[in-house]
Amino acid sequence: MNVGFLLSNSAAKHPLQEAVVSDYSRLTYARFEERSARLSDAMLNAGLKKGDRVCLLFHNGSPFVEAYFAAVRVGLVATPVNFRFVGEEIAYILNDSGASALFHGPEFRAVAEEVRDRCQALRFAVCPGGGAGVLDYEDFLARGNPRPPDPGISESDQCQLMYTSGTTGRPKGAVITHGNVLWNLMNTILGREDRAGQVSVIVGPLYHTAALNNHFTIQVALGGKSVLISRFDPEELLRVIQREQVNVISGAPAFYHLLMQHPRAWSYDRSSITKCTAGADKLSKETKRKLLEFFPNTCGVYDVYGCTEASPCITILTAEQSKDKHGSVGKALPFLQAMVVDELDNPLPAGQVGELVCKGPNVMQGYHRLPEATAQAIRNGWLHTGDLAFMDDEGFFYIVDRKKDMIVSGGENIYPREIEEVLLCHPAIADAAVVGEPDELWGESVKAAVVLKKGAALTGREVIEYCKIHLAGYKKPRKVVFMDDLPRNASGKVLKQRLREEPEAAGE
């Protein structure tokens with residue numbers, strides 16, 4: 001079986017059921033299948049062959065998902081591109097992947113034209129509406145005849161080349177096979193307790209594994225409806241939830257903060273939401289409490305943990321478990337092993353902090369053209385996540401922090417996540433992040449970056465005094481910097497290197 005069969009199967013079972021709603025169109029499963037099948041034939045007729053990379057540069061919408069399923073059903077390797085990238089970064093992805101074709105949205109015509117001549121392997125580009133040197137999307141699609149998924153494409157064949165968002169350095173291309181996607185699908189459906197026929201709003205960009213492999217592919221596999229949001233606008237999203245009677249919503253904590261803080265947020269009907277999942281960053285106890293108020297028909301929040309290299313899911317905390325296991329990201333998923341190890345990769349007992357590693361059929365094949373990085377990330381079959389964690393005696397995992405973000409001050413290990421949890425409970429603080437900075441006496445000291453709620457006032461000293469009440473003295477911030485917003489990458493993770501470089505701070 002390959003990923004392309006997921007769409008074909010659902011189209012056969014639910015031909016008249018709506019599959020995709022987007023700015024472009026509303027597609028039934030039959031129409032979605034027919035258009036993707038024609039597009040795959042057109043791709044092969046244009047000279048593409050199994051293993052060729054097809055780059056996708058779109059906002060969330062039907063062209064992205066049509067081109068994606070068209071590619072993977074015939075053995076082409078879908079390579080989504082971060083639409084927030086500038087020309088130089090996009091050219092890097094095209095060249096590093098060796099892309100043979102580029103499918104992009106009309107809003108990216110200028111940047112695509114800028115980079116095309118710098119990409120020697122690129123044979124052609126396709127865009128809705130066409131353009132100079134670019135094929136029109138609808139004309140290109142019309143050249144093809146409906147082509148079924150290639151039964152010769154197996155689980156071991158490459159399906160996706162997913163570039164990690166990263167917070168430093170060049171993105172690395174994680175090679176994800178059809179088997180990786182399918183095993184991740186089974187793990188996630190079981191862990192999130194998904195069922196057939198749900199209506200899911202997909203806000204996260206589809207160039208990320210979470211949005212593509214979890215939020216969207218799950219709906220395709222189970223015959224659900226995906227409402228694709230091209231650009232996040234809190235009030236427009238609330239209108240969509242009300243109009244489409246959305247059941248499932250997923251996102252990073254920062255996304256939920258923005259949604260709930262909109263002045264008219266509580267005036268829209270949110271009663272259709274019965275499942276709320278969070279991932280990509282820490283989910284504080286206070287944020288969880290507010291989410292359960294905001295979506296009153298949810299019984300808890302599914303906290304999903306993973307990484308691109310795991311396609312992406314590793315653990316999930318169910319809604320029921322979230323009532324008693326605050327701070328946990330759940331247990332290892334059914335078809336996967338996970339444990340916490342020390343610096344020598346020896347397993348650690350419950351309660352001890354070390355690096356979380358995992359092993360299973362959803363773990364990537366490796367990094368594209370980076371054998372040394374692959375050997376460093378996957379050792380003896382175990383994927384090293386770079387996340388510090390501990391496991392309790394019931395097998396629930398707790399993420400402490402990124403290994404590289406741990407602060408060592410005066411010989412003590414300090415985990416920024418613990419301090420951030422305290423800061424986020426302050427009634428005047430909307431968002432917060434903690435980093436270490438060099439200290440001549442202690443080696444490192446704690447610096448907090450704080451975003452205040454609208455209309456709130458707070459001094460650096462007041463923040464430090466508040467932390468003194470809730471934390472051991474060596475953990476309290478020595479400096480506080482106030483910001484309008486925290487710098488984040490496209491998946492919602494805080495860019496902590498930028499915070500370390502922030503010069504202005506108010507100290508004690």
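The values are calculated or read from the model by the stated rules, or taken from the named source; none is laboratory data. On a predicted model such as this, the values are computed, not experimentally measured, just so you know. Cβ sites come from the backbone with ideal geometry, for glycine too, and all protein chains shown count toward neighbours.
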- Query: Residues of the stretch 437-491 being acidic (Asp, Glu) and either touching an Asp or Glu at 6+ places or on another chain (Cβ under 6 Å) or within 30 Å of residue 308 (Cα to Cα) (or both), which ones?
  - Reply: 437, 484, 485
- Query: Would it be correct to say that residue 379 is among the basic types (Lys, Arg) and more than 23 Å from the chain's Cα centre (by Cα)?
  - Reply: yes
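To keep it simple, each residue is scored yes or no on (1) in contact (Cβ under 8 Å) with a residue 24 or more places away in the chain; (2) in contact with a strand residue (DSSP E or B) (Cβ under 6 Å, 6 or more places away or on another chain); (3) among the hydroxyl-bearing types (Ser, Thr, Tyr).
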| site | (1), (2), (3) |
| --- | --- |
| 144 | yes, no, no |
| 178 | yes, yes, no |
| 189 | yes, no, no |
| 200 | yes, yes, yes |
| 203 | yes, yes, no |
| 207 | yes, yes, yes |
- With (1) closer than 16 Å to residue 382 by Cβ; (2) surrounded by fewer than 23 Cβ atoms within 10 Å (Cβ to Cβ) as the list, and residue 321 as the residue in question, which single condition is left unmet? (1)
- Query: Can you find a residue in the stretch 66-81 that is touching a residue at least 60 places away in the same chain (Cβ under 8 Å), surrounded by fewer than 19 Cβ atoms within 10 Å (Cβ to Cβ) and touching a strand residue (DSSP E or B) at 6+ places or on another chain (Cβ under 9 Å)?
  - Reply: no
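Yes or no, residue by residue, for (1) touching a Cys at 6+ places or on another chain (Cβ under 7 Å); (2) charged (D, E, K, R); (3) at pLDDT below 95; (4) within 28 Å of residue 187 (Cα to Cα):
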site	(1), (2), (3), (4)
259	no, no, yes, no
274	no, no, no, yes
281	no, yes, yes, yes
297	no, no, no, yes
305	no, no, yes, yes
308	no, no, yes, yes
312	no, no, no, yes
- Task: Check off (1) aliphatic (A, V, I, L, M); (2) assigned to a helix (DSSP H, G or I); (3) surrounded by 19 or more Cβ atoms within 10 Å (Cβ to Cβ) for residue 19 and give me the number that stays unchecked.
- Result: (2)
- Query: Among the residues of the stretch 157-173, which ones are modelled with pLDDT under 75 and under 20 Å from residue 211 (Cβ atoms)?
  - Reply: 165, 166, 167
- Query: Only one of these conditions is not met by residue 394: (1) at pLDDT 95 or above; (2) in contact with a helix residue (DSSP H, G or I) (Cβ under 9 Å, 6 or more places away or on another chain). Which number is it?
  - Reply: (2)
- Note on the structure: Reported set for the stretch 273-293 where residues are among the basic types (Lys, Arg), part of a helix (DSSP H, G or I) and in contact (Cβ under 8 Å) with a residue 24 or more places away in the chain is 285, 288, 290
- Residues within the stretch 375-391 that are under 25 Å from residue 495 (Cβ atoms) and out of contact with any helix residue (DSSP H, G or I) (no Cβ under 9 Å at 6 or more places or on another chain), tallied: 2
- Message: For the stretch 93-107, give me each residue that is more than 16 Å from residue 39 (Cβ to Cβ) and either out of contact with any Cys (no Cβ under 8 Å at 6 or more places or on another chain) or surrounded by fewer than 18 Cβ atoms within 10 Å (Cβ to Cβ) (or both).
- Response: 95, 96, 98, 106, 107
- Tell me which of these residue 160 doesn't satisfy, since it passes every other one: (1) in contact with a Ser or Thr (Cβ under 9 Å, 6 or more places away or on another chain); (2) in a helix (DSSP H, G or I). (2)
- If you go through the stretch 395-429, how many residues are buried (at least 16 other Cβ atoms within 10 Å of the Cβ) and part of a strand (DSSP E or B)? 10
- Considering the stretch 129-142, residues that are touching a strand residue (DSSP E or B) at 6+ places or on another chain (Cβ under 6 Å) and over 27 Å from residue 178 (Cα atoms), and then whichever is surrounded by the fewest Cβ atoms within 10 Å (Cβ to Cβ), we arrive at 130
